[in-house]
Amino acid sequence: MNPTCLARQAFDSEAFAVDYYRVVNPAPEPLGRELDALAGPFMADAKLDAQDIEGSKALQRLGFRKVCTQPAFVLDLAGARGAAAGEPQAACALPETDLAAHAANFPFSRFGLDPMIAPEERTRHQARWIANTMASPDVLKFLDNGAFVSFKIRDAVAVIDLISVLPAARGRGSLLLGRLKAWAAARGLKRIEVTTESENVPACLFYQKNGYRLERASVALHMRK
Ligand SMILES: CC(=O)SCCNC(=O)CCNC(=O)[C@H](O)C(C)(C)COP(=O)(O)OP(=O)(O)OC[C@H]1O[C@@H](n2cnc3c(N)ncnc32)[C@H](O)[C@@H]1OP(=O)(O)O
Ligand SMILES: Cc1cn([C@H]2C[C@H](O)[C@@H](COP(=O)(O)OP(=O)(O)O[C@H]3O[C@H](C)[C@H](N)[C@H](O)[C@H]3O)O2)c(=O)[nH]c1=O
């Protein structure tokens, strides 16, 4: 069968050492047939608009579990002042100990919230994600001691990929968002966007304290067989 509802995810399959699929078409009947046809262990995820209650129920009837809601926050830059914020880094690397500490700093990620994913699987996946982010010249980074924010530019919007502040560096998160805002405004970008999990109340408060407003939300569903 040529799958049309599921797309294999190379990065996640490698990081979890099992075939990992993303639902790209949630139509229940063909999706159910494609899931039934998968042989062997696999993982799958789906993202729906959080207001799509019936779509979410249909996926849960197929065996998906609702793992979390992911709110998206935005900071509009119209009228924001640009300033000399220093240039972000492109490709770089973190020392191994810092990488391990940051990988363990995301208990609220959707993988951390999923009871079917072991803590060591989650931190291995997160470490690979952070290492890729650091190594990629297409993902820009502001780094400080014990803290970093990474982001991509898409259509005059800065989309935050990850932000992590180790407990000993608390306070640097707002400094990093300030550097990003000043740099983005100086480049004439329209806005900054970021996604987090609703369970991550510290992060939701953090974005709001820094002037971000809630714009929309998705629901993340997982399956593991
Ligand atoms: C895109 C993504 O990566 S989403 C996931 C975000 N990252 C994570 O969850 C990783 C783990 N958490 C962290 O790294 C940090 O806690 C961050 C990035 C969320 C915040 O960075 P910090 O430097 O600690 O934040 P900072 O000190 O600047 O705090 C500013 C505001 O954020 C909120 N905040 C920060 N930490 C907390 C906390 N533990 N509990 C409650 N509110 C908090 C508060 O509103 C705070 O204002 P206040 O100090 O006046 O109370
Ligand atoms: C964005 C991005 C992702 N990846 C990899 C790592 C992930 O396993 C997959 C799928 O990513 P996606 O579904 O886009 O992201 P998550 O739901 O896991 O995370 C969102 O919320 C997080 C808290 C975080 N803010 C993140 O930015 C959000 O996308 O793709 C990757 O390797 N590189 C990337 O830039």
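Tabulated results
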| quantity | calculated |
| --- | --- |
| Residue 111 being surrounded by 16 or more Cβ atoms within 10 Å (Cβ to Cβ), at pLDDT 95 or above and in a helix (DSSP H, G or I) | yes |
| Verdict on residue 200 being more than 21 Å from residue 91 (Cα to Cα) and in the same structural domain as residue 90 (by TED's automatic domain parsing) | yes |
| Extreme residue, nearest to ligand 2 (Cβ to nearest atom), among residues of segment 25-49 that are under 20 Å from residue 68 (Cβ atoms) and not basic (Lys, Arg) | 45 |
| Residue within segment 82-105 that is under 24 Å from residue 211 (Cα atoms), touching a helix residue (DSSP H, G or I) at 6+ places or on another chain (Cβ under 9 Å) and either within 14 Å of ligand 2 (Cβ to nearest atom) or of a type in the set (Ser, Thr, Tyr) (or both) present | yes |
| One residue from 191, 172, 154 being without any contact (Cβ under 8 Å) to a residue 24 or more places away in the chain and more than 18 Å from residue 84 (Cβ to Cβ) | 154 |
| Tally, over segment 11-50, of residues that are in contact (Cβ under 8 Å) with a residue 40 or more places away in the chain, over 20 Å from the mean Cα position of the chain (by Cα) and surrounded by fewer than 20 Cβ atoms within 10 Å (Cβ to Cβ) | 3 |
| Which listed residue, of 80, 84, 93, is crowded, with 17+ Cβ neighbours inside 10 Å and modelled with pLDDT under 95 | 80 |
| Residue within segment 70-84 that is assigned to a strand (DSSP E or B) and polar (S, T, N, Q) present | yes |
| Residue list for segment 159-175, filter: small (Gly, Ala, Ser) and within 16 Å of ligand 2 (Cβ to nearest atom) | 164, 173 |
| Only listed residue being under 18 Å from residue 220 (Cα atoms) and within 16 Å of ligand 1 (Cβ to nearest atom), chosen from 47, 66 | 47 |
| Cβ pairs under 8 Å, 6+ apart, first in segment 100-119 and without any contact (Cβ under 8 Å) to a residue 12 or more places away in the chain, second near ligand 1 (Cβ under 10 Å from one of its atoms) and not in a loop (DSSP other than H, G, I, E, B) | 119/112 |
| Qualifying residues in segment 145-158 (those that are surrounded by fewer than 16 Cβ atoms within 10 Å (Cβ to Cβ) and at pLDDT 95 or above) - the one farthest from ligand 2 (Cβ to nearest atom) | 156 |
| Counted residues, segment 200-212 - those being outside any helix (DSSP H, G or I) and crowded, with 17+ Cβ neighbours inside 10 Å | 3 |
| Extreme residue, nearest to residue 18 (Cα to Cα), among residues of segment 53-69 that are surrounded by fewer than 20 Cβ atoms within 10 Å (Cβ to Cβ) and touching a Ser or Thr at 6+ places or on another chain (Cβ under 9 Å) | 66 |
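The values are calculated or read from the model by the stated rules, or taken from the named source; none is laboratory data. Every value quoted in this text rests on a predicted model; they were computed, and no experiment measured them. Here Cβ is always computed from backbone atoms with ideal geometry, including for glycine, and neighbour counts include all displayed protein chains.
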